[in-house]
Each structure stands twice: as structure tokens, then as C-alpha cells.
Ligand code: NAD
């Protein structure tokens, strides 16, 4: 039934929240405040498409304003409805708290299938949606800051910024009203890849844990691990390329709208992405076999399943057939809560969305800071560091009497660029958050899974924010 999946998704988030909330010492009234969405803006606006007026349904939900601005992506999809946006906005609050990004959670959705519109029509819709947000004070550097999500990217963010900027003449911080912008329009290097790169860092950290790997019967390390990816969009493609090229993982299966392909010996993901671009499909990629059933990706023989498309992809109907030992939730809500018991009984580790795909919002936070400071990261210290390291190399050469090679000198005596700093900040964030969750999981006897542990870690931080405000004695 239409909308059923999204309603189940929101219920799933609420169920996971309730399960974790019961394990905290926070006052009941405070938990109810944190659980609910603070503001839901449902809108309808007309857009003239091919000389006909179309009424577009859209949303912006601010889940929690315990910290401002609120933050969350904008989704363009024909499946958007209020409950889906509420579920996604709620997840954003917990995600931000978990990775120490000082924002409340929000999310936006426009109920359209972007493939059915031309670029000019999409621009019209995006600009009109932004105008609606401005009218209701649902956008601004200090209020609510959108970003890309499913079906949107840097192009849409540029339209949003430009529309906002046109209305808000004199707002010196207008660049910070939206993140995920193109570099030339106030974006930050490393944002496009950020969510996928964060998935890689988080998964790598889990795979490095000897105790966890022993429990599921895997060796430690990401190198050689067999991954199956669902969705080769922004998050899925960067997760796959970085895991393969930097981690040495093997991509054995990929599922996309046109079908699922598999090769137990692994597929070169860079070549596959190029092939898909050139041919408009992955089917026929040399060395791969097409599965009869597209949804068969779930039960492929592999070590890690990476759902990176949409919510509710793994449910009680297919969870029993999973052969993977780990599910890495790159997408938001890909595992329904009715599947959790089955996965737990099978001993499968689920690395939850709220942690694993937090790389996007983390780097969005860096972009927002860059926009507010009106300066590129690394501009002040890059040359200073480079000169200092170079002097050190000179000193080593002088004292040892040996000449250090040009290449070695370039590696050591180098100042960090913006992208280096962004990646370093992201890696630090993902590793720190992993150990915060693992700590909750190992200390609390009644907490057996990463999702509950992540919720508890986030809830304790949000709870103490509220308690510090003195609202809840
Ligand atoms: P995207 O639109 O770039 O890519 C999604 C891909 O999934 C598309 O290529 C689409 O064809 C494919 N897909 C859709 N339905 C499918 C199906 N049934 N089977 C196989 N493939 C299917 O979107 P994205 O930005 O990569 O987002 C993917 C997920 O990650 C979403 O859940 C989103 O909320 C989440 N997420 C995205 C970001 C971000 O920075 N973009 C950040 C955090 C979380």
C-alpha cells in the first residue's frame, strides 16, 4: 500500500527510540520531548510545467531545536510523505548528537520523481520550494540548514543558496544557509564523498575489532572483505570506491534499479561505474552475472551487506536469507525493526545508520563553519607548516649528512590543504564516535546491539543539553 513503508519506517525509529530510552536514567517527560518532532511544515505549491500547473507536495520537518540551527538533507522522491520526512528528521537529531555536531535534526522532502523533469523544471521546483522555506523562516544559517539527500546534489544546493541570497540582501552569512554546495559557490572540498568516506571509516573501525570479528567468525581488517552494495548513487558509489581503493575490500555484488550483478571474484568498481555511465546500465559488465531477482542482493554470499539506497530494504521477509556477517547501514533506515530479532538470532552485526552515514552531516558542519568564517580551511597555517617541516628536514640532512629524496621531502614537508583537514576531521569524528558507542555496548549488560548503544549515547548527550538549559529539573 502507498505510504505503508514510510509509516513503518517512522514507527521503526520510534520503536528503536523507546527500546533505548527505557535503558536510560533520563526523566520520562524529557524523553517524550526528545521523541517528538517539534515542527512539521507541510506545503503545496503550484509550478507551471509544460504550460500546465502542477501542484507539488513538499515538507520540511524540524525534529529538535535543542540546538540550532537544525540540519538535514532534502530528498526528491516520488515516495516522499510526512512520516518518511519525520523519521529522517528524527534520525538527524540523534546522528548530530552522536558525532558531536552541534545542531538539532531536520529533513526536507519534495514528492517528485526527479527523472521525470528537465533540469529547468527541477530548478523551478527547487527555487519555489526554497521560497516557501524562506516565507516561514525554515531556512537560514542560524535557523535551519538543508543539504543534499536522495535525489539531490550540489546543483540543487546551488539553486537553494542563490534563491535565499536573492531574498536576503545584506545577510553576510547567507552562504551558510545550505551545505553541500559546489566548491565554486561556497562549498567545501571533500563534501561530495563525505558520507561514503565516513561509511568506510566506520566499517573499517568495526572490522579492526578482534573481539567483534571473533564473534562473527571473520578475520580482522577490511582488506579482502567481500562487500555487496545496494544503490550506486552518491553514498553507495563512494563507499564502494574508497573501500576498494583505500581499504582493499572486494566488491562482489552491486544492486541498482536495472538489476543486481554478481561476481564472486570481485568487480573493479571504478570500471563498473564507468561502464554504467557509458551504457546506462550495469547489466552486461564483463565477468559479472545478472541475478534473476533484483532483490536477491540481500542473500548473496559475502561478508558485508551495504544497503545504500532507501529505507526498509531488509525486513522480516528476507532477513532470514542473509549470509553476510555484517550489515553496514549506509542508507537511512534500510533495516526495519521487525528484522532486528532475526538478525540478532543469526548473530549478524548491524552498524546503524545514525552512526555510519554521519559523515555527510559532519562535513556539512565543516562547510557551515567555513562559510561563517569566510575563509578556506588551511589558508592561515598551510605555508607556515610547510616551511617549518622543510626546515626540520634540512636539519635532519645536516645532522645525519644524508640527503633526503625529493619524494620523501614532499611527503614529510607538506602543509595540509582543505581536503586533507576535512578528511582528517571526518576520520577523527567517525573513530571517536565508534568507541563511544562500543563503550556503551560493552558496559551496559542489557545493551546487545550497536543501534541501541548509539541511541543511548546520543540520548544522554541531548538529555544533558536539556537539563543544562534548566527546562527539565
Ligand atoms: P542517490 O540518489 O545519490 O542514490 C541512490 C541510488 O539508489 C540511486 O542510484 C538509485 O537508482 C538507487 N536505488 C533506488 N532504489 C533502489 C532499489 N530498489 N534497488 C537498487 N538501487 C536502488 O542518494 P544518496 O544521496 O546516495 O542517498 C542514499 C541513502 O543514503 C538515502 O537513504 C539517504 O537518506 C542516505 N544518506 C545520504 C547522505 C548524503 O550525503 N547524500 C547522507 C546521509 C544519508
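Coordinate-derived values only; no laboratory data. Every value quoted in this text rests on a predicted model; they were computed, and no experiment measured them. Every residue, glycine as well, gets a Cβ built from its backbone with ideal geometry; the counts of neighbours run over all protein chains shown.
Which whole-number percent is the relative contact order of the range 194-356 (Cα, under 8 Å, 6+ apart)?
21
Go through 72-83, 352-363, 25-36 and give me the packing order, highest mean Cβ count within 10 Å leading.
So the peptides 72-83, 352-363, 25-36, ranked by packing, come out 352-363, 72-83, 25-36.
Quick one: give the max-minus-min coordinate of the C-alpha atoms of the range 39-185 along each principal axis, largest first, in Å.
Principal-axis extents of the range 39-185 (Cα, largest first): 46, 36, 26 Å.
Where does the chain land at 222 nm, in deg cm²/dmol rounded to the nearest 500, when only DSSP H runs of n ≥ 4 count, each adding -39500 (n - 2.57), divided by all residues?
-15000 deg cm²/dmol
I'd like to compare 230-241, 208-219: which one has the highest average count of other Cβ atoms within 10 Å, and what's the full order after that?
Packing order, densest peptide first, comes out as 230-241, 208-219.
Measuring from centroid to centroid over Cα atoms, what is the spacing of the range 396-473 and the range 128-164 in Å?
So the separation of the two Cα centres works out to 29 Å.
Apply the a/c threshold of 1.5 to the C-alpha gyration tensor of the chain and tell me whether it is rounded, prolate or oblate.
Verdict is rounded for the chain.
Take the alpha carbon atoms of the range 153-294, find their radius of gyration, then divide it by 2.2 N^0.38 Å using N residues; give the quotient.
Rg over 2.2 N^0.38 Å, computed on Cα atoms: 1.32.
Highest mean first, what order results for 397-409, 263-275, 372-384 on Cβ atoms within 10 Å?
Per-residue Cβ counts within 10 Å, averaged per peptide and sorted highest first, yield 263-275, 372-384, 397-409.
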